[in-house]
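Asks: I have a structure here, written as structure tokens, and I will follow up with some questions on it.
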């Protein structure tokens, strides 16, 4: 039977709860299973917590001497994986129930790439600093499979993805995309061009690592920079609403005026997003500002 390698990059977080849940479900996969953890330059306090997980059955734990980034660490995990299927998970995920691996096992013959999705807690976090990330996740990321399947390559995420190992190694993540975001945008475009089937499932992991609004805004700006790079270098990302808006403004000659107006409003937009009642249109406006600046530079 084909084996499964669960690949989890680890960075400044204890992953004991996630790993114990996976070990408890290992028998649901009809073949050999390994859980591969690769620490990407965490602080010593987290490394000391996670090293003990190597004693669990089927768990391999390794450490990198320095941080190499989201794309590179996943590529290294895939290069060292021993089995035919790869399950890509983020270290801030939690399994939804006791049948997560069973659902993937049942669906594995239906496509070369299966995307399970992401869910969020139904109630807002008590900490107001976490509200923006929660609002964004609930409104923009927690989407049912039927909705994601309508644009299967555009809705692809490298968190909670079951991928045939040979497919992932044919299309490794672009390590030039520094920081956060859009490595999965390029992967989706490559899979679409190669006509690799992608199937979306309702098998979400719970996102358990909400960042503060300030950190999320910083990551969002990094993601826009990566999107601009993909757009300039290979024309990828043109199906994104943000990109379509920016390109339309440029075609109409309105980009400088829009950039000036958004720049003037940036302080008020950030103030809203850092507060207890963030409005996602304010985030969209900031992203448009960042993209217009990136494309003008």
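The values are calculated or read from the model by the stated rules, or taken from the named source; none is laboratory data. Computed from a prediction, not measured in an experiment: that's the story for all the values here. Here Cβ is always computed from backbone atoms with ideal geometry, including for glycine, and neighbour counts include all displayed protein chains.
Asks: Tell me which residues, restricted to the range 114-124, are closer than 22 Å to residue 147 by Cβ and either exposed (fewer than 14 other Cβ atoms within 10 Å of the Cβ) or touching a helix residue (DSSP H, G or I) at 6+ places or on another chain (Cβ under 8 Å) (or both).
Replies: Answer for the range 114-124, where residues must be closer than 22 Å to residue 147 by Cβ and either exposed (fewer than 14 other Cβ atoms within 10 Å of the Cβ) or touching a helix residue (DSSP H, G or I) at 6+ places or on another chain (Cβ under 8 Å) (or both): 114, 115, 116, 117, 118, 120, 121, 122.
Asks: Are any of the residues in the range 175-182 in contact with a helix residue (DSSP H, G or I) (Cβ under 7 Å, 6 or more places away or on another chain) and either free of Cβ contacts under 8 Å to residues at least 40 places away in the same chain or surrounded by 21 or more Cβ atoms within 10 Å (Cβ to Cβ) (or both)?
Replies: yes
Asks: Restricting to the range 202-211, what's the tally of residues that are surrounded by fewer than 21 Cβ atoms within 10 Å (Cβ to Cβ) and more than 19 Å from residue 14 (Cβ to Cβ)?
Replies: Residues flagged as surrounded by fewer than 21 Cβ atoms within 10 Å (Cβ to Cβ) and more than 19 Å from residue 14 (Cβ to Cβ) within the range 202-211 amount to 1.
Asks: Going through 143, 148, 131 one at a time, which residue ends up being farther than 20 Å from residue 93 by Cβ and assigned by TED's automatic domain parsing to the domain that holds residue 70?
Replies: Of the residues listed, the single one that is farther than 20 Å from residue 93 by Cβ and assigned by TED's automatic domain parsing to the domain that holds residue 70 is 131.
Asks: Next question, about the same structure. Of all residues in the range 183-194 being out of contact with any helix residue (DSSP H, G or I) (no Cβ under 9 Å at 6 or more places or on another chain) and surrounded by 18 or more Cβ atoms within 10 Å (Cβ to Cβ), which is farthest from residue 73 (Cα to Cα)?
Replies: Among residues in the range 183-194 that are out of contact with any helix residue (DSSP H, G or I) (no Cβ under 9 Å at 6 or more places or on another chain) and surrounded by 18 or more Cβ atoms within 10 Å (Cβ to Cβ), the one farthest from residue 73 (Cα to Cα) is 188.
Asks: Pick out the one residue from 73, 23 that is more than 21 Å from the chain's Cα centre (by Cα) and either part of a helix (DSSP H, G or I) or not assigned by TED's automatic domain parsing to the domain that holds residue 104 (or both).
Replies: Going through 73, 23 in turn, just one is more than 21 Å from the chain's Cα centre (by Cα) and either part of a helix (DSSP H, G or I) or not assigned by TED's automatic domain parsing to the domain that holds residue 104 (or both): 23.
Asks: Kindly indicate whether residue 58 is touching a helix residue (DSSP H, G or I) at 6+ places or on another chain (Cβ under 7 Å), surrounded by fewer than 22 Cβ atoms within 10 Å (Cβ to Cβ) and more than 25 Å from residue 222 (Cα to Cα).
Replies: yes
Asks: Identify all residues within the range 27-48 that are part of a helix (DSSP H, G or I) and over 25 Å from residue 101 (Cα atoms); write none if there are none.
Replies: Residues satisfying the conditions are 44, 45, 46, 47, 48.
Asks: I've got another one for you. For the range 76-93, how many residues are assigned to a helix (DSSP H, G or I) and either over 10 Å from residue 9 (Cβ atoms) or not assigned by TED's automatic domain parsing to the domain that holds residue 14 (or both)?
Replies: So the answer is 3.
Asks: Then there's this: Scan the range 92-113 residue by residue and report those that are touching a helix residue (DSSP H, G or I) at 6+ places or on another chain (Cβ under 6 Å) and over 18 Å from residue 35 (Cβ atoms).
Replies: 112, the sole residue that qualifies.
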